[in-house]
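The values are calculated or read from the model by the stated rules, or taken from the named source; none is laboratory data. In this text, all values refer to a predicted model and were calculated from it rather than measured experimentally. Cβ coordinates were reconstructed from backbone atoms using ideal geometry, including for glycine residues, and neighbour counts include every protein chain displayed.
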Amino acid sequence: MSPAEKVLLIPKIENGFVIDHIPTGTGIRILNLVRQHRELDTVVITLGLHCTSRRLGRKDLIKIQAAELPRRFLQHLSLVSPGVTVKRVRDFRVAEKVVLEAPELIDDLLGCPNPNCITNHERGSGTCFHLVDRETRTFRCNYCERHFGQAELGTTLKF
Amino acid sequence: MKRDLISVEDLSPAQIREFIDLAGRIEALPAAGRCRLLEGRLLGVLFYEPSTRTRLSFEAAMLRLGGRTIGFSEVAGTSVAKGESLADTIRTVEQYCDAIVIRHPREGAARLAAEVSRLPVINAGDGANQHPTQTLLDLYTLQHLFGRIDGLRIALVGDLKYSRTVHSLVHALARFAGVEFLFVSPESLRLPEYVRDAAERPVAARETTSLDEAVRTCDVVYMTRIQRERFPDPLEYEKVKDSYRLDRAALANAPAHLRVMHPLPRVTEIAPDVDATPHAAYFAQVGYGLAMRQAILSLLLGGLP
Ligand SMILES: [Zn+2]
């Protein structure tokens with residue numbers, strides 16, 4: 001894909017990140033996810049909907065003009081939308097890119113859906129979920145040991 | 001590195017074997033040798049909910065090995081009742097003792113305690129999650145009764161849906177070669193599929209609603225309590241409760257080597273007339289539990305024979 005196609009609708013960025021290959025129609029959901037992360041409150045963010053893509057036909061994309069993406073944000077993004085590509089842009093060029101996979105470990109990002117889990121009762125306790133089945137995207141709470149699907153976990157952001 | 005005992009899922013087959021072998025070695029020791037193993041050591045016994053049996057078993061195990069215990073058996077009147085966090089209680093108690101046993105109504109509490117503490121932590125039950133010393137004592141009981149665990153045919157009877165004892169036991173037994181299960185329960189209390197799925201090897205099992213088949217064809221019948229409150233419809237409870245009641249007459253067709261186990265306390269699921277039969281193993285099981293808890297304490301506290 002040529003850089004010319006990508007800047008058709010939204011401005012090229014000098015430095016920052018592009019979250020690319022977002023399935024069309026889910027861009028706004030991802031934007032809402034971005035906005036849950038306070039660290040990104042003051043950075044310039046642009047949303048592209050229905051961009052043309054060689055791979056997907058149409059796609060959504062989000063540009064974030066931040067120096068770094070917070071680790072918790074990336075875990076969250078890979079949990080909710082595995083398969084998207086994150087590109088680092090330096091001097092208008094893509095310097096690095098990774099396709100996000102379901103995370104192996106979700107570290108102090110999400111609350112446990114089990115109401116009787118100690119992490120929902122002990123002040124200041126962290127949470128931790130391990131991926132136990134990549135195919136079904138099932139995670140296990142390190143504390144109560146219950147298993148949860150990605151959809152169930154994705155809604156329990158802890159802040 | 002300190003060693004904790006939080007969940008059977010953490011244990012490798014070799015580690016399970018280590019506990020079983022050690023329990024056997026401790027039982028074989030003369031009392032005079034046994035009572036020196038943990039001399040001068042102090043165990044913190046923190047019971048955030050009452051469980052008299054489990055607490056007595058740990059305390060007896062520690063005292064019999066020459067150690068001592070401190071602790072509480074319910075939170076009323078303690079700093080916990082004043083709102084102290086679990087982490088703070090652990091950090092306080094660890095200043096006094098050499099290891100901690102914890103029972104807590106919230107799932108994951110023992111794991112959290114183990115993370116906070118520099119001492120070995122033993123989980124004596126965390127809500128509906130784990131009770132690893134029960135599982136280990138069940139395994140040790142089987143080893144004692146049959147001289148092996150591999151290849152046994154074991155019926156698990158009663159509330160297979162909610163019983164954490166059953167879930168942990170299935171998980172642990174599935175690691176032994178050739179163990180076959182017969183799951184005996186009312187339709188509404190069947191073993192959840194995720195329990196079988198979580199086992200490391202495919203679980204060789206059949207399901208039935210017939211206790212009689214279990215008695216006739218298995219080496220072990222492991223009974224559990226069926227609680228009335230588990231049934232949405234009280235009528236359904238009335239219908240099934242007696243079909244999962246074992247009495248002497250029901251054992252008429254049992255092979256001589258059949259043994260009946262139960263995590264206790266029992267209510268009505270095993271009639272008192274079974275107690276005097278050679279099949280009854282549930283009180284012996286309590287004794288094997290003492291040996292297993294001695295093994296756990298001695299391994300984690302480094303007082304090996
Ligand atoms: Zn949990």
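Taking the criterion of being surrounded by fewer than 24 Cβ atoms within 10 Å (Cβ to Cβ), over 19 Å from A:ASN116 (Cβ atoms) and touching a helix residue (DSSP H, G or I) at 6+ places or on another chain (Cβ under 7 Å), the residues of the stretch B:101-129 that qualify are B:VAL116, B:SER117, B:PRO120. Annotation: of all residues in the stretch B:114-123 being under 20 Å from the mean Cα position of the chain (by Cα) and within 16 Å of the ligand (Cβ to nearest atom), the one that is nearest to A:ARG123 (Cα to Cα) is B:ALA114. Residue count for the stretch B:103-118 satisfying the condition of being part of a helix (DSSP H, G or I) and more than 7 Å from every other protein chain (Cβ to nearest Cβ): 5. You will find that of B:ASP98, B:ASP126, the residue that is assigned by TED's automatic domain parsing to the domain that holds B:GLY40 and away from the ligand (no atom under 16 Å from the Cβ) is B:ASP98 and no other.
Looking only at residues in the stretch B:175-206 that are part of a loop (DSSP other than H, G, I, E, B) and within 14 Å of another protein chain (Cβ to nearest Cβ), the one that is modelled with the highest pLDDT is B:PRO192. Across the stretch A:121-159, the number of residues qualifying as assigned to a loop (DSSP other than H, G, I, E, B), hydrophobic (A, V, I, L, M, F, W, C) and within 11 Å of the ligand (Cβ to nearest atom) comes to 1.
Filtering the stretch B:193-224 to residues that are surrounded by 14 or more Cβ atoms within 10 Å (Cβ to Cβ) and touching a Ser or Thr at 6+ places or on another chain (Cβ under 8 Å) leaves B:THR209, B:LEU211, B:ALA214, B:THR224. Of all the residues in the stretch A:96-120, those that are within 14 Å of the ligand (Cβ to nearest atom) and either of a type in the set (Phe, Trp, Tyr) or out of contact with any Phe, Trp or Tyr (no Cβ under 9 Å at 6 or more places or on another chain) (or both) number 5.
Looking at B:GLN134, B:GLN143, B:GLN130, just one residue is within 14 Å of chain A (Cβ to nearest Cβ) and either in contact (Cβ under 8 Å) with a residue 12 or more places away in the chain or among the hydroxyl-bearing types (Ser, Thr, Tyr) (or both), and that residue is B:GLN130. Residues of the stretch B:6-47 that are touching a strand residue (DSSP E or B) at 6+ places or on another chain (Cβ under 6 Å) and either part of a loop (DSSP other than H, G, I, E, B) or more than 14 Å from chain A (Cβ to nearest Cβ) (or both): B:ILE6, B:SER7, B:LEU42, B:LEU43, B:GLY44, B:VAL45, B:PHE47. Residues in the stretch B:71-91 that are under 26 Å from the mean Cα position of the chain (by Cα) and within 11 Å of chain A (Cβ to nearest Cβ): B:LEU86, B:ALA87, B:THR89, B:ILE90.
Put simply, of B:GLU269, B:GLU229 the only residue that is in the same structural domain as B:LEU173 (by TED's automatic domain parsing), without any contact (Cβ under 8 Å) to a residue 12 or more places away in the chain and not small (Gly, Ala, Ser) is B:GLU229. Inside the stretch A:103-126, can you point out the residues that are aliphatic (A, V, I, L, M) and surrounded by fewer than 20 Cβ atoms within 10 Å (Cβ to Cβ)? The answer is A:LEU105, and nothing else. Screening B:GLY108, B:GLY83, B:GLY158 for residues that are within 16 Å of the ligand (Cβ to nearest atom) and at positive phi leaves exactly one candidate, B:GLY108. The residues of the stretch A:101-159 that are more than 9 Å from chain B (Cβ to nearest Cβ), small (Gly, Ala, Ser) and free of Cβ contacts under 8 Å to residues at least 12 places away in the same chain amount to a single one, A:ALA151. In this structure, B:ALA155 does satisfy being small (Gly, Ala, Ser) and outside any helix (DSSP H, G or I).
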